[in-house]
Every structure is written in C-alpha cells, then in structure tokens.
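Data block below; observations after.
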C-alpha cells in the first residue's frame, strides 16, 4: 500500500472520529435540552443557532473537500495530540456543566451560573475549546485554508453568540 493510501485511510478514520464526537455531543445536548425544558428552561438565540449548525456542517465538508483537492497530504501527530487534549477538555466542560451543557442557549429561570471545573478559571471554556478545535482539526492533515476560513467565520459567529449569552445571564 502506498503512503498516499495510508494517509487517505488515516484521514477517513480521523474524519469519522470527528463526526462521531460531534454526533455524541448533539445526542448529549438533545438529552439535556429535554431535561432543561422539563425544568422550565427558556431558549435564547434561536435566530443565530441555525447558522452555528450550518457553520459546523460546512466545516466538516470543507475538511473533506480541501483534502480531496490538496495535491500533497501529510499527517501531523502534534496537531492530533492537541486535538485529543481538546476532546478531553470538552469532556471536562460537559461533565462540569452536567445537564446544563448544551449547544443551545437554554436558561432555567433562577438558576445560578456554574462555577466549577474549567468555569472556575474561564468564563467561556467551551467556546475557547471550539475556537481551538476549528483551527486544530484541519491542521492534523495540513488543511490550512479550512483552518483559516473557519476560524475567522467562527470568530464572527461567537461574537454574536457570546453577546447573546452574556445578555441572557445578566437578566
């Protein structure tokens, strides 16, 4: 088997892993959403949420497209290691928020802001991890354009998202 075929198989496995992780996150979010709404949670940011979903869907497609059209491929283990650390960070975030973790902005009236786990040290650790993921995931295979474009697009999206979340928590 040629080096190019091996890299292709590694890429397919990696993309499948990223997709499985994202689907697991969505499953947890959906389960938590059901519980939160049962607690009387109100959803905010409904207008921008479809754009977040589109951004993350297009991100996966862009990774695949750039890989297919990139003339040379290389696997960068250091970026893969950083990716693994980011996944562990995301697990810490989700575990710290428990049933309150979600991809949507859901607020149970009179609930307090969680201040444990990484939330003791950062105001928005989940968003920090997502920013890093969108830069690091493509770089595992040297997909510079996807890393640059989606990091910038995500920056715009997060400026809207964080402003909305801050507004909700001030109320």
Quick shape summary for the chain, equivalent ellipsoid via Cα gyration tensor, semi-axes whole Å in descending order, reads 32, 16, 14
Any idea what the relative contact order of the chain is, in percent, if you count C-alpha pairs under 8 Å spaced at least 6 apart? 34 percent
A correct fewest-to-most ranking of 136, 28 by other Cβ atoms within 10 Å would be 28, 136
Using only DSSP helix segments of four residues or longer, with each worth -39500 (n - 2.57), what per-residue ellipticity at 222 nm results for the chain after dividing by its residue count and rounding to 500? -25000 deg cm²/dmol
Give the peptides 91-104, 114-127, 71-84, 137-150 in descending order of average Cβ contacts within 10 Å, highest first. 137-150, 91-104, 114-127, 71-84
Scaled by the rule-of-thumb 2.2 N^0.38 Å, the alpha carbon Rg for region 1-54 gives a ratio of 1.77
Dimensions (Å) - region 38-89, Cα atoms, principal axes, largest first: 51, 26, 14
Would you mind checking the radius of gyration and Dmax of region 118-171 based on alpha-carbon positions, in Å? 13.2, 43
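Bear in mind these aren't lab numbers, they're just calculated from the coordinates by the rules spelled out. Small disclaimer: the values here were computed from a predicted structure and weren't measured. Neighbour counts are summed over all protein chains in view; Cβ atoms, including those assigned to glycine, are modelled from backbone coordinates with ideal geometry.
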